[in-house]
Amino acid sequence: MSASGFPAEGFAAPQRRRLVTEIPGPRSRELAARRAAALPAGLTSSAGIYAAAAGGGVIVDVDGNCMIDLGSGIAVTTVGNSAPHVVARAADQLEAFTHTCFLATPYELYIEVAETLNRLTPGDHEKRTALFNTGSEAVENAVKYARAATCRPAVIVFDHAFHGRSLLTMTMTAKDRPYKHGFGPFAPEVYRAPMAYPYRWPSGPDNCAAEALGRLADLIDVQLGADAIACVVVEPIQGEGGFIVPADGFLRGVEQLCRDRGILLVADEVQAGIARTGRWFASEHEGIVPDLVVTAKGLAGGLPLAAVTGRADVMDAAHPGGIGGTYSGNPVACAAALGVFDEITSNNLLERARDIGDLLTRELREITAGTDVIGQIRGRGAMIAAELVLPGTTEPHRDAPARIARHCQDNGVLVLTAGTFGNVLRFLPPLSISDELLRDALGVLAGAFATL
């Protein structure tokens with residue numbers, strides 16, 4: 001057994017780092033050439049390798065290279081790639097039927113997923129859940145529910161936020177390139193408030209929460225008027241923005257502002273939810289109870305599924321036929337989600353996420369002692385980031401993450417970058433990864449920093 005409690009072997013991918021060709025190898029380069037001829041230029045990928053198999057903490061490429069996976073498909077394969085419960089549930093459902101459209105001929109699996117999310121999301125109030133295909137779609141539908149329930153148009157979001165690539169969610173997203181540039185005009189009635197970002201708050205982290213809440217209150221009460229605002233949408237930990245953990249007390253203050261003014265609070269848990277941070281939902285770390293919770297990514301172990309779970313009176317406000325989609329709540333994806341819940345409970349993955357976070361943070365602090373470009377290490381559970389800065393400053397080091405990621409990939413480790421300024425390394429390992437693989441990967445990472 002590995003230190004994680006998972007078997008060291010038994011996955012489709014051998015649980016070790018092994019390079020047999022240069023990176024990318026000849027077969028990956030061949031596929032890249034075919035891709036260039038068949039796919040549009042705007043559809044990019046961070047890694048130059050092409051996957052052939054994956055499991056545990058490893059991705060095997062088409063050339064036979066075994067790469068340690070610290071990205072989980074951007075937090076999607078949280079319970080591990082092709083996790084046993086997920087595969088078994090999905091395979092059984094594939095044999096039964098692949099699709100009927102829940103709007104036409106419903107099925108029990110959808111109801112089971114909804115019942116589970118109603119039970120697991122924060123708060124003991126009566127809830128309802130609707131299923132969708134992607135995080136963007138779910139966020140957009142959360143706003144639809146909020147507008148229907150309040151009869152108000154406006155939506156407040158935050159600096160550094162990422163909510164998706166559809167018209168509304170692209171508008172809600174803060175960063176221009178690559179997400180918004182050239183794709184306007186954007187949706188109306190979306191307004192932006194400062195995020196309580198302790199590392200970069202102008203007057204320092206001690207003042208961050210109070211001052212950010214003051215500016216949010218000003219936006220609500222002075223600039224917009226509370227009676228015009230349907231909802232405030234916030235990521236309890238910002239994902240693409242750079243794993244920003246809001247200053248202590250900020251989210252509780254946002255919740256109270258919303259409660260006092262009859263505004264609905266929407267928690268976008270697309271990246272941080274479903275056991276990633278060591279709790280079922282990142283909102284739990286702050287003790288907040290959102291009116292609506294959005295989940296996706298890790299919900300179905302790699303199959304497309306997303307959800308909006310919320311207060312029954314809010315979710316019931318949309319008129320019949322106003323919500324839904326042809327593929328929403330596909331039965332195979334629902335079966336996979338039930339497998340994800342099984343994996344988390346049977347393998348104690350909430351505790352495993354916390355252990356991974358402790359190991360990552362401890363090893364990153366050791367790396368920090370030998371370099372002057374790590375400004376801050378932050379995150380929760382198996383959602384950890386390092387923000388890189390120019391030596392002796394807090395200025396973003398914009399080219400260092402790409403250089404480090406390239407060194408890691410050349411040596412068999414896959415890492416992701418993030419951040420409004422492109423200066424953040426983020427670590428999202430699958431919870432099925434072993435401690436041995438993690439330490440090996442972090443040794444490669446330390447070597448990458450030594451090259452800067």
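The values are calculated or read from the model by the stated rules, or taken from the named source; none is laboratory data. Owing to the predicted nature of the structure, the values given are computational and were not obtained by experimental measurement. A quick note on method: Cβ atoms are made from the backbone with ideal geometry, for glycine too, and the neighbour counts reach across all protein chains shown.
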All but one of (1) among the small types (Gly, Ala, Ser); (2) more than 22 Å from Arg27 (Cα to Cα); (3) under 22 Å from the mean Cα position of the chain (by Cα) hold for Gly73; state the number of the condition that does not hold. (2)
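Let's see how each residue does on (1) surrounded by fewer than 22 Cβ atoms within 10 Å (Cβ to Cβ); (2) more than 14 Å from Thr420 (Cβ to Cβ); (3) not assigned by TED's automatic domain parsing to the domain that holds Ala307:
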{"position": "Ala148", "(1), (2), (3)": "yes, yes, no"}
{"position": "Pro153", "(1), (2), (3)": "yes, yes, no"}
{"position": "Val157", "(1), (2), (3)": "no, no, no"}
{"position": "Arg192", "(1), (2), (3)": "yes, no, no"}
{"position": "Tyr199", "(1), (2), (3)": "yes, no, no"}
{"position": "Ala212", "(1), (2), (3)": "no, yes, no"}
{"position": "Gly239", "(1), (2), (3)": "no, no, no"}
{"position": "Ala247", "(1), (2), (3)": "no, yes, no"}
Find the residue count for region 410-443, including only residues that are part of a helix (DSSP H, G or I) and buried (at least 21 other Cβ atoms within 10 Å of the Cβ). 4
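Here are some residues: Thr105, Thr169, Thr129. Which one is in contact (Cβ under 8 Å) with a residue 24 or more places away in the chain and more than 24 Å from Ala217 (Cα to Cα)? Quick ask: steps written out before the conclusion?
On the way: Thr105 fails: in contact (Cβ under 8 Å) with a residue 24 or more places away in the chain; Thr169 fails: more than 24 Å from Ala217 (Cα to Cα).
Result of the check over Thr105, Thr169, Thr129: Thr129.
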(1) touching a residue at least 12 places away in the same chain (Cβ under 8 Å); (2) over 21 Å from Met383 (Cα atoms) all hold for Lys297 apart from (2)
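Please pick out the residue among Ala12, Ala88, Ala96 that is under 29 Å from Ile344 (Cα atoms) and touching a strand residue (DSSP E or B) at 6+ places or on another chain (Cβ under 9 Å). So that I can check it myself, show each step before the final result.
Numbers: Ala88 fails: touching a strand residue (DSSP E or B) at 6+ places or on another chain (Cβ under 9 Å); Ala96 fails: touching a strand residue (DSSP E or B) at 6+ places or on another chain (Cβ under 9 Å).
Selected residue: Ala12, the only one of Ala12, Ala88, Ala96 that is under 29 Å from Ile344 (Cα atoms) and touching a strand residue (DSSP E or B) at 6+ places or on another chain (Cβ under 9 Å).
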Looking at (1) among the basic types (Lys, Arg); (2) over 25 Å from Leu216 (Cα atoms); (3) in contact with a helix residue (DSSP H, G or I) (Cβ under 9 Å, 6 or more places away or on another chain), which one does Arg152 not meet, given that it meets all the others? (2)
Check region 286-293 and report whether any residue there is among the acidic types (Asp, Glu), surrounded by 24 or more Cβ atoms within 10 Å (Cβ to Cβ) and assigned by TED's automatic domain parsing to the domain that holds Val234. yes
Residues that are surrounded by fewer than 20 Cβ atoms within 10 Å (Cβ to Cβ) and within 27 Å of Thr393 (Cβ to Cβ): does region 257-279 have at least one? no
Cβ-Cβ below 8 Å, separation at least six or inter-chain, first residue in region 371-397 and in the same structural domain as Ile433 (by TED's automatic domain parsing) and crowded, with 24+ Cβ neighbours inside 10 Å, second assigned to a loop (DSSP other than H, G, I, E, B) and among the polar types (S, T, N, Q): which pairs? Gly379/Thr277; Gly381/Thr277; Ala382/Thr78; Ala382/Thr277; Met383/Gln271; Met383/Thr277; Glu387/Asn423; Leu388/Asn423
